[in-house]
Amino acid sequence: MAQLNEDQRIFVDQLRKMVAEKVAPRAAEIDRKGEFPWDLKEVFQEMGLLGLSVPEEYGGCYQEHLDLCLAVEEIARACVSSSLIVQVQSLGWEPILIGGSDDQKKKYGPQVASGEKLTAFGLTESGAGSDSAAMSTKAEKTGDKYIINGSKCFISNGPIANVISLFAMTDNSKGVHGISGFIVETDTPGFSVAKWESKVGIKGSPTGELVFEDMEVPAENLIGEEGKGFIYAMKTLDTSRPVIAAQAVGVAQGALDQAVKYAKERVQFGRPISKFQGLNWMMAEMAAKIEAARALTYQAAKMVHTKDPGTTYMSACCKLIASDVAMQVATDALQIAGGYGYMTEFPFERMMRDAKITQIYEGTNQIQKLVISRELLK
Ligand SMILES: Cc1cc2nc3c(=O)[nH]c(=O)nc-3n(C[C@H](O)[C@H](O)[C@H](O)COP(=O)(O)OP(=O)(O)OC[C@H]3O[C@@H](n4cnc5c(N)ncnc54)[C@H](O)[C@@H]3O)c2cc1C
């Protein structure tokens, strides 16, 4: 908590209370049923959490980027699926904030912040994952409209979103400089959800394949300038990677909390297993790794806020480190709980499954290394 100001400490206290009362009791059920927790979306929007990255002038309550990270961390400590409600709302909005016009921000900001509209971020395609610039979705301008054809896959909240920040090729010949961003309302004819994915973890977060068939989007929904879409998408990821890192820190902390509790209660060889040095050292290492990941994550979040030129580098660093820590800690936490840890009636296996995604989305950890080394070697 040393890096937090007084307001942020109070905010974290409020978050912890809300998570203990509303989120933690629902986490296992959300995972088991694989359903989006609409009730928790209401709770989060009442607390203003869906507007944490929307500036006040556009209807939100942005103060510092770290606030969003704190919210996602605290929710992920109990339920990673639920933390995605807050995280994806920001992810879908960021391209509009980064590249959009004042009119677009005035129109969509209040709808995003209030939770009236859910957002999504549509970049990935079946043939364009890590190499997202290889996308084949096309947007062709005719008069005052763009006609969009193509598909996107693995889109978080895609099946339930009202507004999508969508990236498509407006000029194939220009490669990465031919990609543009669009604000797409999902009630537009030509939009459809082709598939709801079945996943290893984050089962309460809907992930979908989206199809666009001759979908007409008004030209005024172009984000910023034609050909700048890829820049807006990459800048969005710079802001969002610390949020994923915070999610990773949250799930790691949650798994450690559970492991400590379990170790104090479980008796073998006539004493609690917490008395065994082999486990003490394991828990100490888990705790130290989490503290390091958290410090790095908060540092990156502060750099996003101050628009520090080293943000791309630090955002990739924190996502790489925090997500690896999450996977290691969640796996060790399950180990501490032994056979019971492997049973679905305990939260360890859910946390381990949920931790895994933080190493994959918003750029795999191999891609984070590519980003870090590219920045290093500039
Ligand atoms: C649950 C979930 C939710 C998601 N949500 C969204 C979303 O909301 N919006 C969105 O646009 N996308 C989303 N994604 C997509 C996600 O960002 C991609 O899955 C990810 O970027 C990896 O792309 P890929 O799956 O095609 O893997 P691939 O690119 O095919 O990679 C396969 C393997 O090759 C490695 N690899 C690839 N290139 C290199 C390289 N140059 N050097 C070294 N190794 C390399 C990768 O690290 C990986 O291990 C989501 C994915 C999942 C699973």
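The values are calculated or read from the model by the stated rules, or taken from the named source; none is laboratory data. Note that the coordinates shown come from a computational prediction; the quantities given were computed from them, not determined experimentally. Glycine gets a Cβ as well: all are built from the backbone with ideal geometry, and neighbour counts include every protein chain shown. The area values use the complete protein model at the heavy-atom level, side chains included, leaving out ligands, DNA and RNA. Shrake-Rupley method; radii C 1.70, N 1.55, O 1.52, S 1.80 Å.
Taking only DSSP H segments of four or more residues, each worth -39500 (n - 2.57), what value at 222 nm results for the chain once the sum is divided by all its residues, to the nearest 500 deg cm²/dmol?
-17000 deg cm²/dmol
If you find the alpha carbon centre of the stretch 87-120 and of the stretch 25-81, how far apart are they in angstrom?
If you average the Cα positions of each part, the centres end up 15 Å apart.
For the chain, report the % of Cα-Cα distances exceeding 35 Å.
23 percent
Please quote Rg/Rh for the stretch 17-74 to two decimal places, taking the Kirkwood radius as Rh and restricting both calculations to Cα atoms.
Checking Rg against Rh, the ratio lands at 1.03.
Using 0.36 nm per residue of separation minus the Cα-Cα distance, give me the extension gain between Thr188 and Ala287 in nm, one decimal.
The Thr188-Ala287 span can extend by a further 30.8 nm.
Wrap a convex hull around the Cα atoms of the stretch 248-378, take a quarter of its surface area, and give that in square nanometres.
8.6 nm²
If you take the beta carbon distance between Asn280 and Gln366 as r and set R0 to 30 Å, what does 1/(1 + (r/R0)^6) give as a FRET efficiency, to the nearest 0.05? Before the final figure, lay out each step's value.
Details: r = 34 Å, r/R0 = 1.13.
For R0 = 30 Å, the calculated efficiency reads 0.35.
Can you return the aspartates and glutamates within cross-link range of Lys41? Criterion is Cα-Cα under 13 Å, with same-chain partners fewer than 8 residues away left out.
Answer for Lys41, where 13 Å is the Cα cut-off: Glu116, listed by chain and number.
At a Cα cut-off below 19 Å, give the lysines reachable from Lys264, other chains included and same-chain residues fewer than 8 away excluded.
By straight Cα distance, Lys264 reaches Lys275.
What is the set of long-range amide H partners of Gly122 at a cut-off below 5 Å, with H atoms built 1.01 Å from backbone N?
Under 5 Å from the amide H of Gly122: Ser165, Leu166, Phe167.
What do you get for Rg/Rh over the stretch 175-222 if you use C-alpha atoms and the Kirkwood form of Rh?
With Rh from the inverse mean 1/r over Cα pairs, Rg/Rh is 1.08.
What fraction, in whole percent, of alpha-carbon pairs in the stretch 196-246 exceed 15 Å separation?
71 percent
Mind scanning Lys22/Lys152; Lys141/Lys199; Lys152/Lys174 and naming the pairs with a C-alpha gap bigger than 29 Å?
Over 29 Å apart, Cα to Cα: Lys22/Lys152; Lys141/Lys199.
Could you give each residue of the stretch 56-62 its phi-based ³J(HN,Hα) in whole Hz, using Karplus coefficients 6.51, -1.76, 1.60 with θ = phi - 60°, and x for Gly or Pro?
Once θ is set to phi - 60°, the couplings for the stretch 56-62 become 4, 5, 10, x, x, 9, 4 Hz.
Which order do Glu73, Glu375, Glu213, Glu42 take when ranked by solvent-accessible area (1.4 Å probe, heavy atoms of all protein chains), largest first?
Order by accessible area, largest first: Glu213, Glu42, Glu375, Glu73.
May I ask you to work out the translational diffusion coefficient for the stretch 93-191 at 25 °C, viscosity 0.890 mPa s, via Stokes-Einstein with Rh from the Kirkwood sum over Cα pairs, reported in whole µm²/s?
For these conditions, the coefficient is 175 µm²/s.
Using a probe radius of 1.4 Å on heavy atoms only, what accessible surface per residue do you get for the chain? Whole Å² is fine.
43 Å²
From the residues Phe346, Val329, Ala263, which one has its Cα farthest along the dipole of the stretch 237-367 in the positive direction, the dipole being from +1 and -1 charges on Cβ of Lys/Arg and Asp/Glu about the Cα centre?
Ala263
Along each principal axis of its Cα atoms, how long is the stretch 275-321 end to end? Whole angstroms, biggest number first, please.
Principal-axis extents of the stretch 275-321 (Cα, largest first): 47, 15, 9 Å.
With respect to the cross-link table entries Lys138/Lys378; Lys105/Lys307; Lys107/Lys302, which display a Cα-Cα separation exceeding 25 Å? Write down the numbers at each step before the final one.
Values: Lys138/Lys378 32 Å; Lys105/Lys307 19 Å; Lys107/Lys302 28 Å.
Beyond 25 Å: Lys138/Lys378; Lys107/Lys302.
Please state the Cα pair-distance histogram of the stretch 28-115 with 5 angstrom bins from zero: what percent is in each bin?
Here the calculated profile for the stretch 28-115 is 3, 15, 26, 24, 15, 10, 5, 2, 0.
With θ set to phi - 60°, apply the Karplus curve 6.51 cos²θ - 1.76 cosθ + 1.60 along the stretch 278-286 and write out the HN-Hα couplings as whole Hz, x wherever there is a Gly or Pro.
x, 7, 4, 5, 4, 5, 5, 5, 4
Using the Karplus curve 6.51 cos²θ - 1.76 cosθ + 1.60 with θ = phi - 60°, what ³J(HN,Hα) values do you get for each residue of the stretch 336-346, in whole Hz, with x for Gly and Pro?
4, 8, x, x, 5, x, 7, 8, 6, 6, 9
Using alpha carbons only, how many angstrom separate the centre of the stretch 177-224 from the centre of the stretch 258-294?
With the stretch 177-224 and the stretch 258-294 each reduced to a Cα centre, they are spaced 44 Å.
Need one number: % antiparallel among DSSP beta bridges in the stretch 95-198, to the nearest 5.
70 percent
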